[in-house]
Amino acid sequence: MDGQTNSIIVKIKALKEDNIELDKKYKQLQKQFSEMHSNCEDLQNNYQQLKLAKAFGQSEEDKKKAYQRLSSMIADIDKCLVMLNE
């Protein structure tokens with residue numbers, strides 16, 4: 001009986017150590033995920049800024065199109081604000 005008890009105690013200690021290691025790996029992976037998620041958000045913001053900068057392009061026609069798009073967006077926002085105030 002003592003041999004079985006000691007064997008079970010050894011297995012429990014080994015499992016506890018494994019659990020501690022797995023917990024460390026989990027926390028490390030959570031940290032990596034958080035950093036990668038933050039990096040992804042930064043990249044998406046940079047991409048949106050690049051798209052906006054590209055919309056203003058070099059030619060006058062590109063600038064006119066961008067101005068028209070912005071004017072349209074502002075008009076839509078104004079309409080929404082009017083509806084909210086009603």
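Worth pointing out:
- Residue within the range 9-18 that is among the hydrophobic types (A, V, I, L, M, F, W, C), surrounded by 10 or more Cβ atoms within 10 Å (Cβ to Cβ) and under 34 Å from the mean Cα position of the chain (by Cα) present: no
- Residues that are touching a helix residue (DSSP H, G or I) at 6+ places or on another chain (Cβ under 8 Å) and in a helix (DSSP H, G or I), drawn from the range 26-80: Ala55, Asp62, Lys65, Ala66, Arg69
Rule-based calculations on the coordinates, nothing more; no lab input. Just so it is clear, the structure is predicted and the values come from calculations on it, not from any experiment. Note that we place each Cβ from the backbone using ideal geometry, even for glycine, and neighbour counts take in every protein chain shown.
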